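No value in this document is a laboratory result; all are computed from the given coordinates. Note that the structure is a prediction, hence the values are computed from the model and not measured. A quick note on method: Cβ atoms are made from the backbone with ideal geometry, for glycine too, and the neighbour counts reach across all protein chains shown.
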Amino acid sequence: MRPDPLAYLTAELNALKDQGLYRKLRILEDEQKPQTTFDHRSVVNLSSNNYLGLTTHPRLRERALEATRKYGVGTGSVRTIAGTMDIHMELERRLAEFKKTEAVVVFQSGFAANAGTVSAVLGKDDVVVSDELNHASIIDGCRLSRAAIKVFPHKDVDAARTILQSLPASQRKLLITDGVFSMDGDLGPLPQLCALAEEFGCIMMVDDAHASGVFGRNGRGTIDHFDVHGRVDIQVGTLSKAIGVLGGYVAGTRALIDFLYHRARPFLFSTSHPPGVAAACIAAIDVLLEEPKIIDRLWENTRFFQTGLKSLGFNTGVSEGPITPVIVGDGALAMKLSDRLFDAGVFAQGIAFPTVAIDKARVRTIVTATHTRDELQFALDAFATVGRALGIVQ
Ligand SMILES: Cc1ncc(COP(=O)(O)O)c(C=O)c1O
């Protein structure tokens, strides 16, 4: 028998096991909702990005079913050949209206939107100036573009300025930040970065994946929250988190969107969303516009839960929204905290290096609009018991 050429993968997995960092996938056996069943156990779910509970909202479900009955389950083609249905165009029109931009293009995921856009708009002679905590899909897009990548320390606008000052005025530059940082829940300094972009003639891009449906009026995102409309050239959003379905989009000028229709590789080379997905996303926009109280409930729950964690003595970092990390430092300790919480009936995923810095391992929590106070109090009680047992709090 020939030697297994992939044997080194097993060795790497064994190393993860030795370090206590090996993760088995938790299997969801019910709907994605606040109290649900993972791995045969009923738990309070603090691990989803389903901020508004839209994954199971009746209006989204119904519209997805209607569209599936009308159009079938798939599109059978990429967008540029035969896979653009009228429902995809309707979704793009509705999103553009919602985001107050000229146009929108929808991608299969937020990841595809970021990676496909950065790699399409930049080339090897260009430069990206990027926050060190920007999402992996931005980093991959930068790498694919072959542009030079200059990273500034997290939210350090002065450091970004120093980088920009060192670059030739004639070089094309993209300044890029997350709107909400996915592991810490803090916001990018959009007004200051927009001012820098204007001063140095950069393309300004914001990845608002975790802000869509959460920040700004009716969940329009951080561009609306900071009132920097018209100052961000490329806005990325996702349809996979608060919107509750699947997909990503880019909002901007008609010319940007037409260009992406012609050059963004995930748009050109990967099949479009099933019609049921597009229909459910349209229904989600209706919910954001017509049921904004759902967003108020998300924020009330966020305040309640964060205050509770802080008063127990946990380090919740610098969060400014529903993403609330419980930072413990050591990776193995974060995994142990997550496992013990699970045994106590609370699912909060442990996150360690390389997703976060080696000494910043954590359990990440996200409350949703649909958690009840009893569920959140149950989770706080479990955090108190397990946190004390592991010596994380007193
Ligand atoms: C900041 C950020 N951008 C982009 C994405 C990708 O979004 P999607 O899950 O729709 O691919 C994520 C999701 O993990 C994210 O956290």
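Observations on the model:
- Candidate lysines - alpha carbon under 20 Å from LYS17, same-chain residues fewer than 8 apart omitted: LYS336, LYS360
- Cα gyration tensor, the chain - rounded (a/c under 1.5), prolate or oblate: rounded
- Paramagnetic label zone (point 7 Å from Cα along Cα-to-C-beta, ARG265; backbone N under 19 Å) in the range 123-150: 123-128, 135-149
- Legend: calculated FRET efficiency, GLU102 to GLU300, from the Cβ-Cβ distance at R0 = 45 Å, rounded to 0.05, equals 0.80.
- Environment charge of SER119, counting only residues whose C-beta is closer than 12 Å and scoring Lys/Arg +1, Asp/Glu -1: +3
- Highest-first arrangement of 234-243, 138-147, where packing means the average Cβ count within 10 Å: 234-243, 138-147
- Shape of the range 185-319, Cα gyration tensor, a/c cut at 1.5: oblate
- In terms of the mean number of neighbouring beta-carbon atoms within 10 Å, the peptides 277-290, 32-45 order highest first as 277-290, 32-45.
- Beta bridges by DSSP in the chain, antiparallel share as percent, to the nearest 5: 55 percent
- With 0.36 nm allotted per residue and the present C-alpha distance subtracted, the THR372-ASP258 stretch has 36.6 nm of extension available.
- Model label zone, LEU144; criterion: amide N under 13 Å from point 7 Å along Cα-to-beta-carbon; scope the range 64-84: none
- Placing +1 on the Cβ of every Lys and Arg and -1 on the Cβ of every Asp and Glu, with no other charges, gives the range 257-328 a dipole of roughly 300 debye about its Cα centre.
- In this simple spin-label approximation, THR355 and GLN171 carry label points 7 Å from Cα along the Cα→Cβ vector, and these lie 3.4 nm apart.
- Ranked by the mean number of other Cβ atoms within 10 Å of their residues, highest first, the peptides 357-363, 81-87 come out as 357-363, 81-87.
- Net charge dipole size for the range 172-253 [Lys, Arg +1 and Asp, Glu -1 on Cβ; Debye, nearest 20]: 220 debye
- Where labels lie 7 Å past Cα in the beta-carbon direction, separation of ASN315 and LEU16 in nm: 2.5 nm
- 5 Å binning of all Cα-Cα separations within the range 116-218, expressed as whole percents from 0 upward: 2, 14, 26, 24, 20, 10, 3, 1, 0
- The helix-based estimate of mean residue ellipticity at 222 nm for the chain, built from -39,500 (n - 2.57) per DSSP H run of four or more residues and divided by its residue count, is -13000 deg cm²/dmol to the nearest 500.
- Debye, to nearest 20: dipole size of the chain, +1 on Lys, Arg Cβ, -1 on Asp, Glu Cβ: 480 debye
- If R0 equals 25 Å, the separation of the Cβ atoms of ARG93 and LYS293 corresponds to a calculated FRET efficiency of about 0.45.
- Neighbour cut-off at most 15 other Cβ (10 Å), DSSP loop, GluC sites (Glu not before Pro), the range 1-86: GLU29, GLU31
- Environment charge of ASN50, counting only residues whose C-beta is closer than 9 Å and scoring Lys/Arg +1, Asp/Glu -1: +2
- Other residues with beta-carbon under 15 Å from the beta-carbon of GLY213 carry, at +1 per Lys or Arg and -1 per Asp or Glu, a net charge of +1.
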